[in-house]
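Take a look at the structure below.
The values are calculated or read from the model by the stated rules, or taken from the named source; none is laboratory data. Since this is a predicted model, take the numbers as computed values, not measurements. Glycine also receives a Cβ, built like all others from the backbone with ideal geometry; neighbour counts cover every protein chain displayed.
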Amino acid sequence: MTKTTSFQGDIRPLFTERDIQGMSKAFNLANYDDVKKHAGAIYDRIRGIGGAVMPPPPPRGEGPWQQSRIELFAKWMADGFQP
């Protein structure tokens, strides 16, 4: 059986302090409820849909996520947004 993804164990560590600061005007990437509420929009943006890809490339950010991170985020949504 594959392990269910969780926000605390899998998703929260994906967001850097820079990501959290950068998005703080819109929502809190360190907060489970905020990320769950905006998961669809976050998923689109990490794939570059609906605007510039997030996180932005240097020097403003670390650059786009690797496919494995995007898939982990998708799995968390599919697993029912576990805390």
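A few comments on the model shown:
- Residue check, Asp19 part of a helix (DSSP H, G or I), surrounded by 15 or more Cβ atoms within 10 Å (Cβ to Cβ) and modelled with pLDDT under 95: yes
- Test: residue in region 45-59 that is in contact with a Phe, Trp or Tyr (Cβ under 8 Å, 6 or more places away or on another chain), in a helix (DSSP H, G or I) and without any contact (Cβ under 8 Å) to a residue 60 or more places away in the chain: yes
- Note on region 4-15: among residues that are at pLDDT 95 or above and not in a helix (DSSP H, G or I), the one that is nearest to Pro58 (Cα to Cα) is Phe15.
- Checking each residue in region 23-39 for being under 20 Å from Leu72 (Cβ atoms) and either aliphatic (A, V, I, L, M) or in contact (Cβ under 8 Å) with a residue 12 or more places away in the chain (or both) picks out Met23, Leu29, Ala30, Tyr32, Val35, Lys36, His38, Ala39.
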